[in-house]
Amino acid sequence: MDRLVAYFAGQEVSFDDVELEHERTPFQQELARALQGVPRGEVVTYGELAALAGRPGAARAAGTFCAQNALPIFVPCHRVVASTGLGSYGSSGVEYKRRLLALEGYAAL
């Protein structure tokens, strides 16, 4: 819990050691691992995420994975953007995505 408080206070915090028990396909597991490797303050496109997970051309599947992500801080889908701009952020909305990216120091909003 302390790490979440620190994260939302703007401190650089790692959640890499947090074990996430969540039913996923092997491809979804690869997407989650790839996302956890995207550094704080950086972004990738859905297509780049799919490629990082070993499935270039599966940008739509990566987008679906992000839209259904139940663990957004631990599996940081806010670091995934559309090739044409910021993109959406599911039910939390694009403003929340913007806030998380700003909190992490991503300047190109």
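Quick notes
- Computed over the range 23-109, the quotient of the alpha carbon radius of gyration and 2.2 N^0.38 Å is 0.97.
- Residue with peak Gaussian network fluctuation, the chain [Cα springs, cutoff 10 Å], from Leu35, Leu71, Leu49: Leu71
- A Gaussian network model of the chain, with springs between Cα atoms under 10 Å, assigns the largest mean-square fluctuation among Thr84, Thr45, Thr64 to Thr84.
- Anisotropy class of the range 3-62 from Cα gyration tensor, a/c 1.5 cut: oblate
- GluC sites (Glu not before Pro) restricted to the range 1-48 and DSSP loop, no more than 14 other C-beta within 10 Å: Glu12, Glu19, Glu21, Glu23, Glu42
- Å² of accessible area per residue within the chain, as computed with a 1.4 Å probe and no ligands counted: 59 Å²
- Accessible-area composition of the chain, carbon plus sulfur, in percent [1.4 Å probe]: 51 percent
- Each stretch of four or more DSSP H residues adds -39500 (n - 2.57); spread over every residue of the chain, this sum gives -11500 deg cm²/dmol at 222 nm.
- Per-pair calculated FRET efficiency, R0 = 25 Å: Val13 and Ser88 via Cβ, rounded to 0.05: 0.50
The values are calculated or read from the model by the stated rules, or taken from the named source; none is laboratory data. These numbers come from a predicted model, not from an experiment. Positions of Cβ are generated from backbone atoms using ideal geometry, with glycine treated the same way; all protein chains shown enter the neighbour counts. For the accessible areas, the whole protein counts, side chains as well, though only heavy atoms, and no ligand, DNA or RNA atoms are used. Shrake-Rupley method; radii C 1.70, N 1.55, O 1.52, S 1.80 Å.
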